[in-house]
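Written below as structure tokens is the structure these notes are about.
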Amino acid sequence: MSTFNDTKFSYAVFLLTGIPGHEDIYLWISIPFCIMYVISIVGNSIILFVIKIDTSLHEPMYIFLAMLAVTDLGVSIVTVPTILSVFLFNSREISLDVCFAQQFFIHSLQFTESSVLLLMAFDRFIAIRDPLRYASILTLPRITKMGLVFVLRSVAVIFPLPFLLKRFHYCRANVLSHSYCLHQEVMTLACADVMVNSVYGLCITLLTVGLDAVFITVSYVMMLKTVLSITSQAQSLKALNTCVSHFCAVLLFYTPEFSLTLMHRFAKDSSPLLQILLGYIALLVPPLMNPIVYSVKSKHLRARIFRVFVK
């Protein structure tokens, strides 16, 4: 006769958590999440639609923006329905396999977004440092290859994580502290030594997102040196203005990501509510704000969006 512990897993589901202590107002909490979801889907879809049909936007900067919009759409689609199911229907159960799949998509899409932001920084770097060779350096085949390489990088480094999680027995509390699955939280529920998972997760984060952030910082330092060397103040301001949208996107992505990472690693006694809110900000704010920031700051893109929908 088999016992409870003979099964591969001690339980078949994880339980998702919304915002503890606020269960009585979940319906009201779901309203801003619904609005954010709709704006994210519509905003990024409009960006993709306009860039596709308007040939004047078939330039490197806007192609990279289309990549960012695709990534943001993926993040929203993978996470928000699960979050809304918790707040609207109290549907807290998620099977282990679905949880592992969700954390794979969340992490791979976030790593891809970091890579796209690096490519966009490279685009601005070339435009400011070597504008005469901009078109010859950033050709469509080269852009396609760079995008494909970074997507494959993100998928390759995240691919082992679900299998590293599946090898564990889960016999501790099966309640997650978020409304979605993340690798660093799921592994803490395992009744085994998770050193391999912890070290691997930290290493791939440092070697991908960490390196991307370093390269983006270096590119901005070099761009700033170039801009400061321009004698014309008007030209300097014009050059800096082309980077504002990207700089905002970088801050929107990296600030909550690094804050959350530091909190998980070095401030485990911090407020759980703060960790939950930072988690929502890290996943939901970039897909919401990126289309708005680029539409507001890019006059050319804004004019093309207006022209398409007026037609």
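No value in this document is a laboratory result; all are computed from the given coordinates. Quick caveat: nothing in here was measured; it's all calculated off a predicted structure. Methodologically, a virtual Cβ is constructed for each residue, glycine included, from the backbone with ideal geometry; neighbour enumeration extends over all protein chains shown.
Some observations on this one:
- When the charge dipole of the chain is built from unit charges on Cβ atoms (+1 for Lys and Arg, -1 for Asp and Glu) and taken about the Cα centre, the candidate among 134, 103, 251 whose Cα reaches farthest toward its positive end is 134.
- (i) 24.1, 76; (ii) 21.5, 84; (iii) 27.5, 85, with the label sought being that of the calculated Rg and Dmax of the Cα atoms in Å: (ii)
- Counting only DSSP H runs of at least 4 residues, each contributing -39500 (n - 2.57), and dividing by the residue count of the chain, the helix-based mean residue ellipticity at 222 nm comes to -25000 deg cm²/dmol.
- One quarter of the convex hull surface built on the alpha carbon atoms of the stretch 111-209 amounts to 7.9 nm², the projected area averaged over directions.
- Look at 53, 29 and count the other Cβ atoms within 10 Å of each Cβ; fewest to most, that gives 53, 29.
- Integer Hz, Karplus 6.51/-1.76/1.60 couplings in order for the stretch 187-194, x for Gly and Pro: 5, 6, 8, 6, 8, 6, 6, 9
- Extension gain, residue 56 to residue 310, is 89.7 nm, computed as 0.36 nm per intervening residue step minus the present C-alpha separation.
- Alpha carbon centroid spacing (whole Å) that separates the stretch 179-256 from the stretch 17-74: 20 Å
- Note on the chain: GNM, Cα springs under 10 Å; of 136, 177, 85, the largest mean-square fluctuation is that of 136.
- Note that the stretch 153-161 has calculated 3J(HN,Hα) couplings of 4, 5, 5, 5, 6, 8, 3, x, 4 Hz, one per residue in order, obtained from phi through the Karplus relation 6.51 cos²θ - 1.76 cosθ + 1.60 (θ = phi - 60°); glycine and proline are x.
- Relative to the longest principal axis of the Cα atoms of the chain, the long axis of helix 272-297 makes an angle of roughly 20 degrees.
- About the Cα centre, charge dipole magnitude for the chain (Lys/Arg +1, Asp/Glu -1 at Cβ), debye: 1140 debye
- Per-residue ³J(HN,Hα) for the stretch 233-241, Karplus 6.51 cos²θ - 1.76 cosθ + 1.60, θ = phi - 60°, Hz, x for Gly and Pro: 5, 5, 5, 4, 5, 5, 5, 5, 5
- Site pair residue 299 and residue 285 shows an inter-label distance of 3.0 nm when each label is modelled 7 Å from Cα along Cα→Cβ.
- Ranked by how many other Cβ atoms sit within 10 Å of their own Cβ, fewest first, the residues 253, 100 fall in the order 100, 253.
- Alpha-carbon centroids, the stretch 102-132 and the stretch 139-158: separation in whole Å: 10 Å
- Net charge of neighbours whose Cβ lies under 12 Å from the Cβ of residue 68, counting Lys and Arg as +1 and Asp and Glu as -1: -3
- Relative contact order, percent, the stretch 12-310 [alpha-carbon distance under 8 Å, six or more residues apart]: 28 percent
- Residue order, fewest to most beta carbons within 10 Å, for 212, 24: 24, 212
- Whichever aspartates and glutamates have a C-alpha closer than 18 Å to that of residue 225, once near sequence neighbours (fewer than 8 apart) are set aside: 123, 130
- Amide N proximity, the stretch 271-287 versus residue 175 label position 7 Å along Cα-to-Cβ, cut-off under 17 Å: 271-277
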